[in-house]
Amino acid sequence: MLALEGDTNAFHSIHGVLFRGLYDYALKLLQDTQQADDAVQELFVRIWVKRVAIGPLQKVKPYFFTALRRQVLNQLRNKKSRELRIGLLPRPDIEFSPEEIVVRNEEYVTLQAKIATLLNELPKRQKEVIYLHYFEEMNYTQIAEVMGIHYQSVLNLTQKALRKLRSADLLTVLVTLAAVFVALKSVQ
Amino acid sequence: MDEFSTNRNDRQGLPFGFRRKPLDERVQEENWAAVENGIRQTAATPAGMTEVAPVRAIRGRWVLKVVSAAAAIAALVIGIWWVSTRTGHPEEMAVIKTGYGEIKNILLPDSSVVVLNANSSLRMSSSWTETGGRQVWLEGEAYFQVQKKASTARKFVVHTKEVDVEVLGTRFNVNTRRQRAIVSLEEGKVRLSMNGIVTAVMEKKAGLVMRPGQVAEVDEDLQAKVNEDKDVSTRSGWSRHEFHFDHTSLGEIAHLVQDTYGYEMVVEDSSMLEKQISDAGGVRVSDVKDLVKVLMVASGYNMQIREKKIYVTGH
């Protein structure tokens with residue numbers, strides 16, 4: 001892993017590949033574009049400063065996500081203790097919006113809103129697992145690392161979330177749609 | 001490249017997919033530019049200072065945990081401080097705004113006076129008390145008369161997008177319209193700090209100290225230009241409802257009218273914008289109609305106001 005040995009070009013390419021994911025994740029957690037932007041800047045500068053101490057990295061993506069998550073949670077925790085004094089509670093919580101949902105049939109646009117609502121009703125940790133797995137396309141090992149929990153816990157959280165999603169009647173409609181889609185695709 | 005590989009094929013389980021909301025490419029570019037800037041700033045500090053203990057991704061000996069926690073807290077404190085001084089937290093802020101053509105006089109808790117020009121906003125912490133730090137955030141233009149305080153610990157700071165003005169007791173005007181900040185100092189001393197990433201954190205001590213009679217202009221790229229102006233007090237003329245034109249082009253006046261009253265100037269011929277206008281020692285006007293009357297006489301052009309537009313035609 002050359003990137004952390006002092007070469008800003010390589011560091012730039014990491015920024016190029018990871019920026020969108022890190023920015024979106026920070027935005028989900030902080031719910032403020034300026035703060036998300038600042039958080040990613042701070043993360044990259046901080047990792048650069050510590051690059052010698054960090055040494056070669058095997059898993060770049062999980063490392064950056066882990067560091068970002070910790071940084072943001074610390075920030076929120078600190079903010080929370082300040083806001084408690086003036087009676088405001090932050091909600092460090094992932095929220096999905098309908099525009100982020102892709103349903104495989106354009107006619108079912110209203111489904112996006114329903115799915116978003118359904119997802120947002122999940123408990124926080126389940127939401128984060130779903131987000132990292134399906135949105136950031138991480139595998140369970142990576143998620144375990146980022147969230148600082150056991151591999152088995154990630155599996156359990158995912159299963160619980162999926163079970164809850166499937167039990168909603170909406171999902172039966174969706175699964176039918178997906179089946180139709182798959183069938184159409186195999187015909188082509 | 002395997003560390004970047006994704007698991008696109010591992011999508012079973014959900015009958016729908018996710019996509020990212022569109023994001024302007026510039027966000028990413030500007031973010032990298034800021035990171036690079038930050039890296040350059042840190043390169044100047046000795047390596048031994050910055051290399052803290054490794055913060056391992058997960059699990060480490062407790063010593064490492066303690067050290068990394070300390071490092072994380074340090075980074076966090078700097079981060080929070082930096083974020084709060086740069087952007088502030090809107091939920092804790094008191095905001096005073098002016099509309100077009102409106103000027104407000106504000107008396108701050110420390111008896112400092114701020115005259116807020118039209119179409120501007122001044123934010124300050126609602127918990128600002130006699131004992132707290134004296135900080136305000138400005139968009140637009142304002143004139144400050146800051147009370148001197150014996151204790152240097154209670155500095156008065158005006159934050160704008162481009163520059164922070166740290167006041168050492170004084171009278172000055174700050175104009176942040178049109179993507180740059182112009183600070184005009186009448187009396188006393190102020191120090192400017194440009195608002196780059198990390199610059200604000202690491203080079204707070206540095207910055208530009210201004211003397212009375214100086215005008216500093218800081219543009220979007222945080223480049224500062226300092227000029228002397230023997231009539232520096234005319235820069236705050238607006239706070240006394242006065243306009244001063246000294247070979248000022250009609251184009252510049254059009255910007256002024258737009259920023260102050262929200263009226264757009266429409267000229268028949270773009271060469272008219274070059275027309276230079278001077279007045280003898282300043283004009284006092286109460287509203288945009290008054291100003292237009294003065295401009296008609298001074299320029300020799302005909303001007304008509306219709307629906308928030310000023311139409312300028314030849315003789």
If I model a spin label at B:VAL113 and A:GLU99 as a point 7 Å from the Cα along the Cα→Cβ vector, what separation in nanometres do I get? 4.7
B:ILE305 versus B:VAL226, label points 7 Å from Cα toward the beta carbon: distance in nm? 4.1
Estimated FRET transfer efficiency (B:SER286, B:SER121; beta-carbon r; R0 35 Å; 0.05): 0.95
Take A:LEU73, project a point 7 Å from its Cα along the Cβ direction, then tell me which residues of the stretch A:144-166 have their backbone nitrogen under 11 Å from it. A:145-150
Here the gain from full extension of B:VAL297 to B:LYS97, 0.36 nm per residue of separation minus their alpha-carbon distance, amounts to 68.7 nm
If we count other beta carbons within 10 Å of each Cβ, what is the order of A:MET147, A:MET138, fewest first? A:MET147, A:MET138
Rg over Rh [alpha-carbon atoms, Kirkwood Rh] for the stretch B:261-311: 0.94
Roughly what would the spin-label model give for B:ARG211 and B:HIS247, points 7 Å off Cα along C-beta, in nm? 2.4
Using Cβ contacts closer than 10 Å as the measure, can you line up B:LEU122, A:LEU122 from fewest to most? A:LEU122, B:LEU122
Sorted by Cβ density within 10 Å, fewest first, the residues B:GLU274, B:GLU217, A:GLU100: B:GLU274, B:GLU217, A:GLU100
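Where a number appears in this text, it was derived from the coordinates with a stated rule and is not lab data. For clarity, every value in this text was computed on a predicted model and none was experimentally measured. Note that we place each Cβ from the backbone using ideal geometry, even for glycine, and neighbour counts take in every protein chain shown.
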